[in-house]
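The values are calculated or read from the model by the stated rules, or taken from the named source; none is laboratory data. Since the model is a prediction, treat every value here as computed from it, not as a measurement. Every residue, glycine as well, gets a Cβ built from its backbone with ideal geometry; the counts of neighbours run over all protein chains shown.
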Amino acid sequence: MYPNALILGPLFWIIMGVIYTVTVTGFYYWTKDKGIRLNWWKWLLSVLWFTGTNVVIAGAFTLFGENETRAGLYFIGLFGVLFLILGVGLWRILSPR
Amino acid sequence: MKIKGNGLNRRNFIKTAGITGGVLALAGSAGAGLASGKNKDSFTGWGRTAYGKDQFFNRKPFITDNPTYEKVGESRRITYIEDLFKRNGELSRLLFARGNEAPSWTFDDGAEKLPEPLRTYYLEHPESLGEFRKAIQKSQEQEENWQKYKNKYLLADAWSSAHASAIQGQGAFPPQPKGLPEESDFRGVKKEALKLKSPGHGSSLIKQITYSFGASLIGIARVKEDWVYQGYLRGVGKGEYEVPGHWKYAVVIAVPHEWDSMYANPTYGTSYDAYSKLRFIAGKLEVFLREIGYAARSHVPPTSYEIAMPPLAIDAGLGEQGRHGVLITPELGANTRLAAVTTNMPLEPDKPIDIGIREFCSKCKICAEECPSGAISFTDEPENVIRGYKRWNIDADKCFTIWNSVATSHARGCRVCLAVCPYSRKNNWIHNIVREVDPRDPTGVFSSAMLAMQKKFFNYPGGQAYLPPPDGENSTYGEAPSWLMTEEWFNY
Amino acid sequence: MKKVKRDILFVAGIACVFIMASLYGKSRLKETQKHQLEEIFPATQFSLEQVNSHKWHLSSSGLRASWYLYTGAGKGYNGPVTVLVQTDIEGNIVQVRITSNHETPSYFQKLEKNNFLETVSRIAVRNYLSGEPVNAVSGATITSRAVLQGVRNGYSKGENINLPEARRPSFGPLEIIVLFLLSTGIMLQWIRNRKVKRIILWSSLVISLVFLGFIYNQPVTVSRIVAVINGYLPEVKHEFYLYLLLGGSVLTLVFTGRNVYCHSVCPFGAAQEILGKTGRAKTFLPAYYRKLKYLQWTITFVAVTAALLLNNPSVAQYEVFGALFQLTASNILFIVLIIVVGLSLFIRRPWCNFMCPVGSVFSYISLIRNTVGKLWRQTVYR
């Protein structure tokens, strides 16, 4: 399977690295154009939120892969909604009043 | 610095790419997760790992001088009548006489009229007599049930029989010992052993050799008298025996059941896959040890043991005993089946570990809730003192009743407690986080949170559901693998 | 004048439908006891003999043994739970079965998962006469107590033993919290200072969410109301808080005209308020608001009527409280919960305003109050 195959695995993670870089750069310009000033802890919260969302999705899909569909759905139902609420909260913090 | 007439300038391009990238990153996480979950290599003991890589958990930080079983009183060895199979066998001969003879004893007669040593035993354990009556009723139902389900479980049954074939009957490997251990364990031993550099070298060599035979986990323990059975010895028969002096060390070997079929217990599971693996590993090790000049005796499943395995494995640092009485190891969870080879080769024993399994078991109780027979204790703390050791009691009689009634061709047993145990999980990132964090958290908050998720997220059908109709619905804990489902391959 | 008459007709009509449905539901045929027992113990293998209305003698030659059977009933969450106890001649329980119940499936499953019946059957039957020798399953206390009561009831009636029954109402932390929430709810109506009002409201909401919601998980559900309508009053000595909660809310509604329960007592309302605060939710007032309201009331009416017709209060339970506070519910309810939680971030109290059946019930009570009030005023001032 691809993350473990000889060349496809490392290649996959290299591409993932590129994608993350592009995402962060895009976010930077986007906030700038919206007039949002990001200080260090706002950056930290944003990055943590995005990492967390990725982990939630990966976790749910790992459980799907293990044939534990129900557990995966609950996982994404609970933590996905939690991260949605956190995301809305984060947006309130970031966005200028 | 805008270029006129061009909507997609550099900045807008990066912004669009950023949003696309965010979505792609989430998709990538999903893909990586799915692949990690599906990966069969993370089935410890059945993946591509070998040469000891299955024993991936670093036990060093958790080494303890006090094994996690708790000695509270005077200990003694296990006597033969405490073995359920021997006891039930003698009772059956009274109840169901050969031919058309009337039974020499019936349940309405009561325990008083039983011959010794059954009388003493059942007067002390009256409830286990009633349970055996239930077991007889269940085994009659089981025979009818098999006619109903023999097609549905054809492949599972054939798969089990194939595994069993290698270890049954006269040609079974390893051969049963004949005569006293002092002669049978030395049979084939070369006259003179070469001088071993050190016991440490001995342990290291034996471990690497045993890994190469296919063992998933190996630990070495000193043989403790308390764990050795009393009253019966293979190759000799009934009688009182001392522990032979050349049983100095035990090499304890653990392998898991094939995971997919194990999760689909009870009806798709079998014990024989792990049993045959263990018998081949232990039998080969026995030969290897004798070839290099040391006495060796293998103690192998299903019933060829002189030593009780779980406490020996605790001494060998493989894991801790769970609420369900089964050894729980960090790598395999409760999906751990054990064999041992006793030898007089100088070895360096491993130390027991404490990774907080007992604390976890006192909170969890999933196995007790899911046990179809109700044989597993629900008490928070172990309340029974058994032969001088405090532990949760397993009601073997109750277990046997259900063991006897699963919808399989013959009593092939039930391993639901192994399947539902939260420790029985794959070797992949999500479960390894839990594996590594939980034993390092002294507060127990982490394990409580994980347990709450475990109970809510995963589907536990509940004890009764595993039984055949009308009591249950032949449920399995996990879905059966397609290669064991008859309906995937045959028309019937 | 006309409007009052219409209201009277409306109120009385709904009441009539409920009464008829309840009568029909109760009159439906029930299986005879013997028939029930023969399903469990087939005549091919066992022979059954009735001793009295609660006791049977069971024997089997093939299994070389004989037993006693006792049947009894206990007060459950949504109605009676009937229990069958099989004992051997010495009075050791062989098995305990629940033969009929109206409990919410998720609570009932808790008993199964905890092997509660197995635990119950480990204790000799006479020990149940003196009290409750087995601990109730946490999270399904009422249902498990009903089983214990059923065992005691069956055995005592079967053996003609008279038992005194205690009737002291329970009073513990849950009752104190309910009283606190109700009194703050009533107080809020008279406080004018906005700052003080806000502090009291929010502390009340948080306490409700934490205690009534997550710790005790005891919001008022429509199935409990249906059970009360149907004449199953819960046990005072175990569930006094429910009398306080329902009685207090209804009485405040009748005397002050304010629905305290929905405003500040309900834990799910509190959850929505808190989510709304996070997402700066706005009140959703579309042109078709009235129609949505009628839809909410109609659905409640249908659910309650169906529950009464089937004589099974748990049918009416379509609330998502269980999903949020205990993570136990059907998949559809989980999806509904996720949608409600998502909406709550942007709309104020979507569940209360457009879906909640308890809200509909309170609206109905409020309608009765206003109609009766108008009628009274008319007769007095004419």
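Screening the candidates C:282, C:277 for the property of being touching a residue at least 40 places away in the same chain (Cβ under 8 Å), over 17 Å from the mean Cα position of the chain (by Cα) and over 26 Å from residue C:142 (Cβ atoms) yields one hit, C:282. For the stretch B:283-327, the candidate set comprises residues that are assigned to a helix (DSSP H, G or I) and among the aliphatic types (A, V, I, L, M); within that set, the residue that is surrounded by the fewest Cβ atoms within 10 Å (Cβ to Cβ) is B:287.
Within the stretch C:139-176, the set of residues being touching a helix residue (DSSP H, G or I) at 6+ places or on another chain (Cβ under 6 Å), closer than 26 Å to residue C:114 by Cα and surrounded by fewer than 20 Cβ atoms within 10 Å (Cβ to Cβ) comprises C:139, C:170.
Going through B:57, B:43 one at a time, which residue ends up being in contact (Cβ under 8 Å) with a residue 24 or more places away in the chain, within 14 Å of chain A (Cβ to nearest Cβ) and buried (at least 18 other Cβ atoms within 10 Å of the Cβ)?
Only one candidate qualifies: B:43.
Scan the stretch A:38-60 and tell me whether some residue there is loosely packed, with under 15 Cβ neighbours inside 10 Å, assigned to a loop (DSSP other than H, G, I, E, B), more than 12 Å from the chain's Cα centre (by Cα) and without any contact (Cβ under 8 Å) to a residue 12 or more places away in the chain. Yes, the stretch A:38-60 contains at least one residue that is loosely packed, with under 15 Cβ neighbours inside 10 Å, assigned to a loop (DSSP other than H, G, I, E, B), more than 12 Å from the chain's Cα centre (by Cα) and without any contact (Cβ under 8 Å) to a residue 12 or more places away in the chain.
Residues that are of a type in the set (D, E, K, R) and more than 21 Å from the chain's Cα centre (by Cα) within the stretch B:442-492 comprise B:455, B:456, B:471, B:473, B:487, B:488, listed in sequence order. Residues in the stretch B:249-273 that are among the polar types (S, T, N, Q) and under 12 Å from the mean Cα position of the chain (by Cα): B:270, B:271. Taking the stretch C:113-128 as the range and being at pLDDT 75 or above and in a helix (DSSP H, G or I) as the test, the residues that pass are C:116, C:117, C:118, C:119, C:120, C:125, C:126, C:127, C:128. A single member of B:241, B:272 is buried (at least 22 other Cβ atoms within 10 Å of the Cβ) and of a type outside the set (Lys, Arg), and it is B:272.
Just the residues that are surrounded by 11 or more Cβ atoms within 10 Å (Cβ to Cβ) and within 22 Å of residue B:401 (Cβ to Cβ), please, taken from the stretch B:120-131.
Initially, the stretch B:120-131 is screened for residues surrounded by 11 or more Cβ atoms within 10 Å (Cβ to Cβ), giving B:120-123, B:125-131.
Within the stretch B:120-131, B:121, B:122, B:123, B:125, B:126, B:127, B:128, B:129, B:130, B:131 qualify.
Within the stretch B:96-128, being among the hydrophobic types (A, V, I, L, M, F, W, C), within 13 Å of chain C (Cβ to nearest Cβ) and in contact (Cβ under 8 Å) with a residue 24 or more places away in the chain holds for one residue alone: B:107.
Test residue C:142 against the stated conditions and say whether it is under 20 Å from the mean Cα position of the chain (by Cα), part of a helix (DSSP H, G or I) and closer than 20 Å to residue C:246 by Cα. Considered against the rule, which asks whether it is under 20 Å from the mean Cα position of the chain (by Cα), part of a helix (DSSP H, G or I) and closer than 20 Å to residue C:246 by Cα, residue C:142 comes out as yes. Of A:75, A:79, all but one fail to be surrounded by 17 or more Cβ atoms within 10 Å (Cβ to Cβ), more than 14 Å from the chain's Cα centre (by Cα) and within 14 Å of chain B (Cβ to nearest Cβ); the exception is A:75. For residue C:145, the criteria (1) more than 14 Å from chain B (Cβ to nearest Cβ); (2) of a type in the set (Lys, Arg); (3) over 22 Å from residue C:317 (Cα atoms) hold in every case but one, which is (3). For the stretch C:327-348, the condition of being crowded, with 22+ Cβ neighbours inside 10 Å, touching a Gly at 6+ places or on another chain (Cβ under 8 Å), assigned to a loop (DSSP other than H, G, I, E, B) and more than 14 Å from every other protein chain (Cβ to nearest Cβ) holds for none of the residues. Checking each residue in the stretch A:68-97 for being under 30 Å from residue B:481 (Cβ atoms) and of a type in the set (A, V, I, L, M, F, W, C) picks out A:71, A:73, A:75, A:76, A:78, A:79. Residues that are modelled with pLDDT of 80 or more, in contact with a Pro (Cβ under 7 Å, 6 or more places away or on another chain) and closer than 20 Å to residue B:455 by Cβ within the stretch C:300-335 are absent altogether. In the stretch B:434-480, what count of residues is obtained for those that are more than 9 Å from every other protein chain (Cβ to nearest Cβ), under 21 Å from residue B:148 (Cβ atoms) and assigned to a helix (DSSP H, G or I)? Adding up the residues that qualify gives 1. Annotation: residue C:318 fulfils all but one of (1) under 18 Å from residue C:250 (Cβ atoms); (2) in a loop (DSSP other than H, G, I, E, B); (3) not β-branched (Val, Ile, Thr); the unmet one is (1). Residue B:7 meets the conditions (1) away from chain A (no Cβ under 14 Å); (2) modelled with pLDDT of 85 or more in every case but one. The failed one is (2). The set of residues from the stretch C:270-289 being surrounded by 15 or more Cβ atoms within 10 Å (Cβ to Cβ), modelled with pLDDT under 85 and more than 14 Å from chain A (Cβ to nearest Cβ) comprises just one member, C:284.
Tell me, yes or no, whether the stretch C:47-58 has at least one residue that is surrounded by fewer than 19 Cβ atoms within 10 Å (Cβ to Cβ), within 30 Å of residue C:330 (Cβ to Cβ) and in contact (Cβ under 8 Å) with a residue 24 or more places away in the chain. Taking every residue of the stretch C:47-58 in turn, none turns out to be surrounded by fewer than 19 Cβ atoms within 10 Å (Cβ to Cβ), within 30 Å of residue C:330 (Cβ to Cβ) and in contact (Cβ under 8 Å) with a residue 24 or more places away in the chain. Note on the stretch B:413-433: among residues that are assigned to a helix (DSSP H, G or I) and out of contact with any Cys (no Cβ under 8 Å at 6 or more places or on another chain), the one that is farthest from the other protein chains (Cβ to nearest Cβ) is B:418. Residue C:130 fulfils the conditions (1) of a type outside the set (Lys, Arg); (2) under 30 Å from residue B:452 (Cα atoms); (3) without any contact (Cβ under 8 Å) to a residue 24 or more places away in the chain except for a single criterion, (2). In the condition set (1) buried (at least 20 other Cβ atoms within 10 Å of the Cβ); (2) out of contact with any Gly (no Cβ under 9 Å at 6 or more places or on another chain), residue C:136 is compliant with all but (1). Residues of the stretch B:99-126 that are over 16 Å from residue B:84 (Cβ atoms) and in contact with a Leu (Cβ under 6 Å, 6 or more places away or on another chain): B:103, B:104, B:105, B:111. Residues of the stretch C:72-112 that are assigned to a strand (DSSP E or B) and more than 13 Å from chain B (Cβ to nearest Cβ): C:72, C:73, C:74, C:75, C:80, C:81, C:82, C:83, C:84, C:85, C:99, C:100.
Within the bounds of the stretch B:453-463, is there any residue that is touching a Gly at 6+ places or on another chain (Cβ under 7 Å), surrounded by 16 or more Cβ atoms within 10 Å (Cβ to Cβ) and modelled with pLDDT under 90?
yes
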